[in-house]
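Working notes for the structure below.
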Amino acid sequence: ESRVWLLPILREHVRGASIGFFGQQVLPMANALAERIAAVDGVAFHAGWVPPAVSSTDNNTVERHTLFLTYSQVWDMFPAFCNAPVDIPQAFPMAAKPLGDFLSSGPVLLHAICSGLTNLIEKNREIVTADAGDVDTQTNMAEAQANIKTLARYAPNFLPILFNSFTTLSTSAHIKSASGSSGELTVLTHVIEAFLAISEPKSIKELFETAVVRLLSATTT
């Protein structure tokens with residue numbers, strides 16, 4: 001804990017790291033902090049539990065505030081680990097489900113995870129769509145194409161979660177209030193656009209049809 005000051009520095013300067021390392025080394029740190037927060041709150045902890053920013057048991061002590069701040073700082077490193085990582089085809093398939101579960105848990109980790117996912121897609125799309133003379137080597141192009149192929153495979157899994165989060169946040173009193181976090185909607189918009197850009201037309205059509213059905217159902221009930 002005496003080295004917590006390093007977290008913001010790592011967030012700003014990590015590049016070319018490993019998603020696998022984040023999952024194997026950093027995520028357990030975040031889970032350990034979440035378990036300690038659960039103990040302070042007096043609630044049951046389970047893998048994937050995301051602590052609320054404010055205690056549901058009204059036990060908002062200095063200790064809890066410090067633990068939650070550190071938990072947030074650990075997760076804030078995720079976008080940096082998504083800045084040109086070296087192992088997307090190998091590690092992302094293992095990371096996809098936990099990331100989806102964390103997103104489904106609520107808005108606490110939304111900004112960090114959505115920013116990271118956007119980084120993964122956009123950095124590789126920049127290489128794939130660049131002129132041949134702008135790419136350092138043909139290897140970069142081949143790696144970027146493989147990365148995009150891997151990420152696109154999970155677009156049908158992430159997009160429903162992201163659409164649901166967007167709908168929930170955009171209609172909530174939290175967003176509508178003057179103090180609402182429009183930044184959450186912004187990062188959601190960016191990551192949705194990024195996933196749509198690499199999705200197969202068939203998948204987009206199916207998602208659109210599902211969204212229309214849900215919208216019609218909501219307006220007729």
Restricting the range 100-112 to residues that are assigned to a helix (DSSP H, G or I) and farther than 17 Å from Thr150 by Cβ, the one most open to solvent (accessible area, probe 1.4 Å) turns out to be His111
Look through the range 58-99, keep the residues that are part of a loop (DSSP other than H, G, I, E, B) and hydrophobic (A, V, I, L, M, F, W, C), and return whichever of them is surrounded by the most Cβ atoms within 10 Å (Cβ to Cβ).
Cys82
Residues of the range 16-33 classified as touching a residue at least 12 places away in the same chain (Cβ under 8 Å) and farther than 27 Å from Ile121 by Cβ, total
1
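The values are calculated or read from the model by the stated rules, or taken from the named source; none is laboratory data. This is a predicted model, so every value here is computed, not measured. Methodologically, a virtual Cβ is constructed for each residue, glycine included, from the backbone with ideal geometry; neighbour enumeration extends over all protein chains shown. Just the protein is used for accessible areas: all its heavy atoms, side chains included, with ligands, DNA and RNA removed. Shrake-Rupley method; radii C 1.70, N 1.55, O 1.52, S 1.80 Å.
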